Amino acid sequence: MGNEAIGLGAIRAGVRVALGYPGTPSSEVLETIAGERGGGVYVEWSVNEKSALEVGAGAAMAGKRVLVTMKQVGLNVASDPLMSLNYLGVKGGMVVMAADDPGPISSQTEQDTRHFGQYAKLAVFDPSSPEEAYLMIADAFECSEAIGRPVLFRPTTRVCHSYASVEPLDALAPPEPAGFGREGGRWVIFPRLARANHVEIERGLLDLADRFSSYPGNVMRGAGRRGIASGGVSWLYVLEACGETGDECRMLKISTVPFPARLGAEFLQGLDEVLVIEELDPVIERELILLAGQRGISVKIMGKLSGHMPYAGENTPDGVRAAIENFLRPRCAGAIPSKGEAPPSAAAPALPVRPPVLCAGCPHRGAFFAVKEAARGRKAIFSGDIGCYTLGNALPLDMLDTCLCMGAGITMAQGLSLAEPDALNFAFIGDSTFFHTGIPGIINAVFNGHDIIVAVLDNSTTAMTGGQTHPGVGRTLMGRPAPKMSIYDVLSSIGVNDLRRVSAFDLAASKAAVTRAIEARGVRAVIFEGPCAALSKKEGRSGCMVDEHLCFGCSACVKKLGCPALSFSGKFARIDRDSCTGCGLCKSLCSTRAIIGGDER
Amino acid sequence: MTDCLIAGVGGQGTVLASRLISSAALARGLDVRGAETIGMAQRGGSVLSHVRMGRDIKSPLISPGRADVVLAFELCEAARASGYLKRDGLMVACDRVIQPASGYDPDAMRALLEASVPRLLILKSGAIGAACGIRALNTAIIGAACARGAFPFSIGDMEKIIDERFDADGSRMNRAALRLGETLAAAGEDREGRGERHGDD
């Protein structure tokens, strides 16, 4: 997998400290390093991206090679230290991997980290494949050390989660960490230092733009009066459509920010038309237009800005092939059959959609249902957050009214309570998100006397990204035992006095706890506890079954809970034995006690 | 070049299945490139694993209408993935039904699949579950496709990969499932199973 290649590539490059916060599609890089690390590599799931970047900054100032991993929206959280760190610089190579997600497939935004690099004045490396990523991460470390500044490494989902055959190479020998030196105030940012370093940064970027023209990751080939420029995984789609050689057109592949101006100008010289194929923002396209303008090259540049390529969503091999066919042979567009066969022509009937759902046995289902029942008949607004529990928005639970970004549910509920004072303002937050950015929002609520009910959904893991540790788990990524931080104690010490803790699978107790919270005022919290079903599986419980003599087919269990193990045969409820974990939530809904099992073994 | 698409519901094990197939192809000295659905869709959504085996592969994604073989671990997902199949491509599916919230009629879905996929083998998941356990369903489907010559490796190659991947119990269960898949492919009630050849072959 691409992320494994990046992790192994970082080890090869001599990474000493690797940190991050999980986020699709980035999470497996750190897990790979944790699984493979030899002596001396330190790995850490930090509580959030900002913390990870700052821990990394300290280590890199003292000369260690540091990798910090996150998804693209995690970079927003880490952007404060990163922007300033570029002005201070680093001694050890520091690579900040921010994985972008065209589509988006598992994200809130389609932001482009290359663009972020331009804004933050950072170099960016943009691999097109797992094998290139394996090599390029070492280049990124070397570049960072050479310029003395952090660099960004930006793979996309189809690089992170695709796989390829990668030849392992011998480990590189980076310089020994020099240790920390005060160096006459070099590490203390002041306006005067920032101004001086800004000049250095701009000079360095111009120098890099020139050096990147001969960087092996930036490639030009082929001949003709038409050109195709691309980068990232789209480059592979271009190669698949055009072949390696580019006998019909000139081809340019760009994998760096800053843009390699000399190579770009060479590419544009003598071309009539260029089609730019890239995902997310038109970064390469803008650079080529700028270059043509600066150098007075007369060439028509087409892409996202000209409406020739779609602005949103990921590219596909077929989409790229069609765009290239249309570009190279515009007059016969449509007349040329694409290579291979067309998809079956028979119009496929609409199939039922299958959106992701909370797993069978998920403790969040019980928590959502308890809140729904307790708040029934009351005006209520349900603010959600980022994690598996975002899936609480799906029918039949239908329990999310807002979801913005990590930690925002708690704070947005406060704003909503100002606008809707007669509503119950609930905020759902998971345990990992609570530690990530949830706590300051609760402090804000207590400090300013807001009227909200916080529902903490504590499943003892970072579930959506595959079960990573966090401060409430009691174990670090190094495998060391850690103090198990109690969310109850944290809330209590902040001053949340109306505070209850219940089992998410105990519907009666959960409803009672929410009802009491509804009756109170101020900041109230209910912590719903229950282990993640994906991690605990069927440990210790028998699955549930329907006694068909007792079930009279009201289908309340099926209609109210939306558990994927439950279905309706037309006469009776049915429970899929293979997926049922025996959590027993459906038992508490059944008026005829037709659901049996779910007992502890 | 062999393009294999695996379709299922998040949690069914498409990623492990693609790893088994990739490993067998790699062991044969072929290049492998592919892509997985990882993230939110793994929570019970529709998932696809792309596995491309051969030489000089560029894209990790298989385009619609180009897969040589589609393996489907769920009936509705089989229908959803059928557009990826080449006209003469092979689909090995199963009759396992995992109802999405909106629900569907399994008989109608099966009829739709039979009408649109000429080379289609649907295995009975109940029988496989009873014989080897439902967790080995995917391996039985791989075994059936293998027996139909869908892959650039043999059932024996796959057995070696299974031995490497699983502990003794897991290996026994998956080997049994692999061979059961082979048997089911030979006894298949589709045209190829009855010894007829498809018109385009």
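Starting from residues that are over 16 Å from B:ALA187 (Cα atoms) and polar (S, T, N, Q), keep the ones in the range B:120-151 and report whichever is surrounded by the fewest Cβ atoms within 10 Å (Cβ to Cβ).
B:ASN138
For the range B:21-31: of the residues being surrounded by fewer than 24 Cβ atoms within 10 Å (Cβ to Cβ) and hydrophobic (A, V, I, L, M, F, W, C), which is farthest from the other protein chains (Cβ to nearest Cβ)?
Checked the range B:21-31; the qualifying residue farthest from the other protein chains (Cβ to nearest Cβ) is B:ALA27.
Mind checking which strands (runs of 3 or more DSSP E) fall wholly inside the range A:215-314 and carry at least 2 residues that are surrounded by 23 or more Cβ atoms within 10 Å (Cβ to Cβ)?
Filter on the range A:215-314 gives A:226-230, A:250-253, A:273-277.
Checking A:ARG203 against (1) outside the structural domain of A:GLY74 (by TED's automatic domain parsing); (2) closer than 29 Å to A:GLU279 by Cα; (3) touching a residue at least 40 places away in the same chain (Cβ under 8 Å), which single condition isn't satisfied?
(3)
Among the numbered criteria (1) in a loop (DSSP other than H, G, I, E, B); (2) within 14 Å of chain B (Cβ to nearest Cβ); (3) within 36 Å of the chain's Cα centre (by Cα), which one does A:GLY570 miss?
Going through the list (1) in a loop (DSSP other than H, G, I, E, B); (2) within 14 Å of chain B (Cβ to nearest Cβ); (3) within 36 Å of the chain's Cα centre (by Cα), A:GLY570 breaks only (3).
Pick out the one residue from A:PRO440, A:PRO471, A:PRO421, A:PRO531 that is in contact (Cβ under 8 Å) with a residue 12 or more places away in the chain and assigned to a helix (DSSP H, G or I).
So the residue among A:PRO440, A:PRO471, A:PRO421, A:PRO531 that is in contact (Cβ under 8 Å) with a residue 12 or more places away in the chain and assigned to a helix (DSSP H, G or I) is A:PRO440.
Determine whether A:VAL490 is part of a loop (DSSP other than H, G, I, E, B), more than 20 Å from A:VAL371 (Cα to Cα) and of a type in the set (Val, Ile, Thr).
Spelling it out, it is not the case that A:VAL490 is part of a loop (DSSP other than H, G, I, E, B), more than 20 Å from A:VAL371 (Cα to Cα) and of a type in the set (Val, Ile, Thr).
For B:ARG28, only one of the following conditions fails: (1) touching a strand residue (DSSP E or B) at 6+ places or on another chain (Cβ under 7 Å); (2) more than 29 Å from A:ARG365 (Cβ to Cβ). What is its number?
If we test B:ARG28 against (1) touching a strand residue (DSSP E or B) at 6+ places or on another chain (Cβ under 7 Å); (2) more than 29 Å from A:ARG365 (Cβ to Cβ), just (1) comes out false.
Within the range B:3-20, take every residue that is buried (at least 21 other Cβ atoms within 10 Å of the Cβ) and β-branched (Val, Ile, Thr) and give me the one that is farthest from the chain's Cα centre (by Cα).
B:VAL9
Quick check, is A:GLY479 under 30 Å from A:THR32 (Cβ atoms) and crowded, with 17+ Cβ neighbours inside 10 Å?
It is false that A:GLY479 is under 30 Å from A:THR32 (Cβ atoms) and crowded, with 17+ Cβ neighbours inside 10 Å.
Condition check ((1) within 19 Å of A:PRO258 (Cβ to Cβ); (2) within 14 Å of chain B (Cβ to nearest Cβ); (3) in contact (Cβ under 8 Å) with a residue 60 or more places away in the chain; (4) of a type in the set (Ser, Thr, Tyr)) across all residues:
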| residue | (1), (2), (3), (4) |
| --- | --- |
| A:LEU135 | no, no, yes, no |
| A:TYR163 | no, yes, yes, yes |
| A:ALA178 | no, no, yes, no |
| A:PHE190 | no, no, no, no |
| A:ALA196 | no, no, no, no |
| A:LEU208 | yes, no, yes, no |
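For A:PRO177, only one of the following conditions fails: (1) farther than 30 Å from B:ALA25 by Cβ; (2) at pLDDT 95 or above; (3) not basic (Lys, Arg). What is its number?
(2)
Just to be sure, is A:VAL454 of a type in the set (A, V, I, L, M) and touching a Phe, Trp or Tyr at 6+ places or on another chain (Cβ under 9 Å)? Spell out how you get there, then give the answer.
Details: of a type in the set (A, V, I, L, M): yes; touching a Phe, Trp or Tyr at 6+ places or on another chain (Cβ under 9 Å): yes.
Considered against the rule, which asks whether it is of a type in the set (A, V, I, L, M) and touching a Phe, Trp or Tyr at 6+ places or on another chain (Cβ under 9 Å), A:VAL454 comes out as yes.
Has the range A:399-416 got any residue that is among the small types (Gly, Ala, Ser) and over 29 Å from A:GLY562 (Cα atoms)?
yes
Here is a list: A:GLY40, A:GLY14, A:GLY23. Which entry is touching a residue at least 24 places away in the same chain (Cβ under 8 Å), in a loop (DSSP other than H, G, I, E, B) and surrounded by fewer than 19 Cβ atoms within 10 Å (Cβ to Cβ)?
Testing whether each residue is touching a residue at least 24 places away in the same chain (Cβ under 8 Å), in a loop (DSSP other than H, G, I, E, B) and surrounded by fewer than 19 Cβ atoms within 10 Å (Cβ to Cβ) leaves just A:GLY40.
For A:PHE552, which of the numbered conditions (1) outside any strand (DSSP E or B); (2) crowded, with 16+ Cβ neighbours inside 10 Å fails to hold?
With respect to (1) outside any strand (DSSP E or B); (2) crowded, with 16+ Cβ neighbours inside 10 Å, A:PHE552 is out only on (2).
If a residue counts only when it is in the same structural domain as A:LEU8 (by TED's automatic domain parsing), under 17 Å from the mean Cα position of the chain (by Cα) and not β-branched (Val, Ile, Thr), which strands (runs of 3 or more DSSP E) contained entirely in the range A:80-193 have at least 2 such residues?
Answer list for the range A:80-193: A:94-99, A:151-153.
Tell me which residues, restricted to the range B:36-60, are at the interface with chain A (Cβ under 7 Å from one of its Cβ atoms) and touching a Phe, Trp or Tyr at 6+ places or on another chain (Cβ under 9 Å).
Listed by number, the residues that qualify are B:GLU36, B:LYS58, B:SER59, B:PRO60.
Those residues that are within 11 Å of chain A (Cβ to nearest Cβ), under 21 Å from B:LEU180 (Cβ atoms) and either among the aliphatic types (A, V, I, L, M) or in contact with a Phe, Trp or Tyr (Cβ under 9 Å, 6 or more places away or on another chain) (or both), I need them from the range B:61-97; list them, please.
Correct list: B:LEU75, B:ALA78, B:ARG96, B:VAL97.
A:ILE386 passes all but one of (1) outside any loop (DSSP other than H, G, I, E, B); (2) within 11 Å of chain B (Cβ to nearest Cβ); (3) at pLDDT 95 or above; which number fails?
Exception for A:ILE386: condition (1).
If A:ARG524 satisfies every condition in (1) more than 14 Å from every other protein chain (Cβ to nearest Cβ); (2) surrounded by 21 or more Cβ atoms within 10 Å (Cβ to Cβ); (3) out of contact with any strand residue (DSSP E or B) (no Cβ under 8 Å at 6 or more places or on another chain); (4) not β-branched (Val, Ile, Thr) but one, which is the exception?
Of (1) more than 14 Å from every other protein chain (Cβ to nearest Cβ); (2) surrounded by 21 or more Cβ atoms within 10 Å (Cβ to Cβ); (3) out of contact with any strand residue (DSSP E or B) (no Cβ under 8 Å at 6 or more places or on another chain); (4) not β-branched (Val, Ile, Thr), only one is false for A:ARG524: (3).
Scan the range A:332-353 and give yes if some residue there is surrounded by fewer than 12 Cβ atoms within 10 Å (Cβ to Cβ), more than 11 Å from chain B (Cβ to nearest Cβ), at pLDDT below 90 and not in a loop (DSSP other than H, G, I, E, B), otherwise no.
yes
Answer yes or no: is there a residue in the range A:4-11 that is surrounded by fewer than 24 Cβ atoms within 10 Å (Cβ to Cβ), of a type in the set (A, V, I, L, M) and closer than 26 Å to B:HIS50 by Cα.
Yes, the range A:4-11 contains a residue that is surrounded by fewer than 24 Cβ atoms within 10 Å (Cβ to Cβ), of a type in the set (A, V, I, L, M) and closer than 26 Å to B:HIS50 by Cα.
The values are calculated or read from the model by the stated rules, or taken from the named source; none is laboratory data. Computed from a predicted structure; not experimentally measured. Counting neighbours? That spans all protein chains shown, and the Cβs are built from the backbone with ideal geometry, glycine included.
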